[in-house]
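J.: The following block contains the structure, expressed as structure tokens.
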Amino acid sequence: MSPSLTPLFVNFCLLCAMTLASDPDPVQDYCIPNPKLGAIKTPLHTFLPCKNSSEATTDDFVFSGMKVAGNFTDTGLAAISVNPTIFPGINTLGMSFVRADLYVGGINPPHFHPRATEISHIVQGSVYSGFVDSTNRVFARVIEQGEVMVFPRGLVHFQMNVGKKPATIFGSFNSQNPGMQKIPSAIFGSGINDELLEKAFGLSSKQIGTMRRRFDPKRVRF
Ligand SMILES: *[C@@H]1O[C@H](CO)[C@@H](O)[C@H](O)[C@H]1NC(C)=O
Ligand SMILES: *[C@@H]1O[C@H](CO)[C@@H](O)[C@H](O)[C@H]1NC(C)=O
């Protein structure tokens, strides 16, 4: 590359990194974070310094913390989100996963992941699953054991166990830090101005109060 083109190329690539904003490509085989060293922050990412690879062990690459369901919320969902904090072996590999269990009738409320597409595999059960695209078109149906549904990145999606037994779902993400916003909590549990919510949803101040108490982050676990 000619020297005069270099700054242009560098700027262009910074722009790609910002607009595509996917996880960065790894520059080594793996990077088991060294808990003794603090995080390194750059304008775009936060990195955890790696252990010397000679100290990595097989156990660093095995996760055993989701053999059984996690703790259930009031909506009948138990989710164990597996990210580099609890499974250091996946650090820098651009992926993460979740085990979700649903009681009969339990729901995973509408939510989205700002940084990842999700593949959702029904390990056991019958689960009404779906997402809404940016034109508000819904794509949803019951998916059965062994079937897989994809939830495109950033789109609102939801699940409900419509079978007669508990359901187990394995979800995987193409980011090590997909992020999650649950719609009910983001709207009613975050402290947005009451008047704005009344106007936005056509609800009375009493009804807004009911919703606020229901999604109060200090009171319930949704
Ligand atoms: C990693 O460990 C090996 C073996 O102990 C050592 O030779 C090497 O210098 C270490 N590398 C770093 C970057 O500390
Ligand atoms: C479930 O709750 C218990 C008690 O609060 C806690 O110790 C445990 O880590 C929780 N399990 C999961 C998977 O979050």
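J.: Quick check on my filter: what residues within the range 181-200 are surrounded by 16 or more Cβ atoms within 10 Å (Cβ to Cβ), touching a strand residue (DSSP E or B) at 6+ places or on another chain (Cβ under 9 Å) and not polar (S, T, N, Q)?
T.: Within the range 181-200, 182, 189 qualify.
J.: I've got another one for you. Looking at the range 106-124 only, could you name the residues that are hydroxyl-bearing (Ser, Thr, Tyr) and surrounded by 20 or more Cβ atoms within 10 Å (Cβ to Cβ)?
T.: Once the filter is applied, which keeps residues that are hydroxyl-bearing (Ser, Thr, Tyr) and surrounded by 20 or more Cβ atoms within 10 Å (Cβ to Cβ), the range 106-124 yields only 120.
J.: Within the range 33-56, which residues are within 13 Å of ligand 1 (Cβ to nearest atom) and over 19 Å from residue 87 (Cβ atoms)?
T.: If the condition is that a residue be within 13 Å of ligand 1 (Cβ to nearest atom) and over 19 Å from residue 87 (Cβ atoms), then 52, 54 are the ones that fit.
J.: Can you tell me how many residues in the range 57-70 are polar (S, T, N, Q) and either in contact (Cβ under 8 Å) with a residue 40 or more places away in the chain or within 16 Å of ligand 1 (Cβ to nearest atom) (or both)?
T.: The number of residues fulfilling the criteria is 1.
J.: Condition check: within 16 Å of ligand 2 (Cβ to nearest atom), surrounded by 12 or more Cβ atoms within 10 Å (Cβ to Cβ) and not acidic (Asp, Glu). Does residue 47 satisfy that?
T.: It is false that residue 47 is within 16 Å of ligand 2 (Cβ to nearest atom), surrounded by 12 or more Cβ atoms within 10 Å (Cβ to Cβ) and not acidic (Asp, Glu).
J.: Still on this structure: As an exercise: evaluate residue 99 against (1) within 15 Å of ligand 2 (Cβ to nearest atom); (2) touching a residue at least 60 places away in the same chain (Cβ under 8 Å); (3) farther than 30 Å from residue 130 by Cβ and give the number of the one condition it does not meet.
T.: (3)
J.: Would you check which residues across the range 54-105 are at positive phi, of a type in the set (Gly, Ala, Ser) and crowded, with 18+ Cβ neighbours inside 10 Å and list them?
T.: Once the filter is applied, which keeps residues that are at positive phi, of a type in the set (Gly, Ala, Ser) and crowded, with 18+ Cβ neighbours inside 10 Å, the range 54-105 yields only 76.
J.: Still on this structure: Among the numbered criteria (1) within 21 Å of residue 111 (Cα to Cα); (2) surrounded by 15 or more Cβ atoms within 10 Å (Cβ to Cβ), which single criterion is violated by residue 203?
T.: Every listed condition holds for residue 203 apart from (1).
Taken together, the values in this text are just the output of simple stated rules run on the coordinates, not laboratory data. A quick note: this is a predicted structure, and the numbers were derived from the prediction, not measured. When we count neighbours, we look across all protein chains shown, and the Cβ atoms used for this are built from the backbone with ideal geometry, even at glycine.
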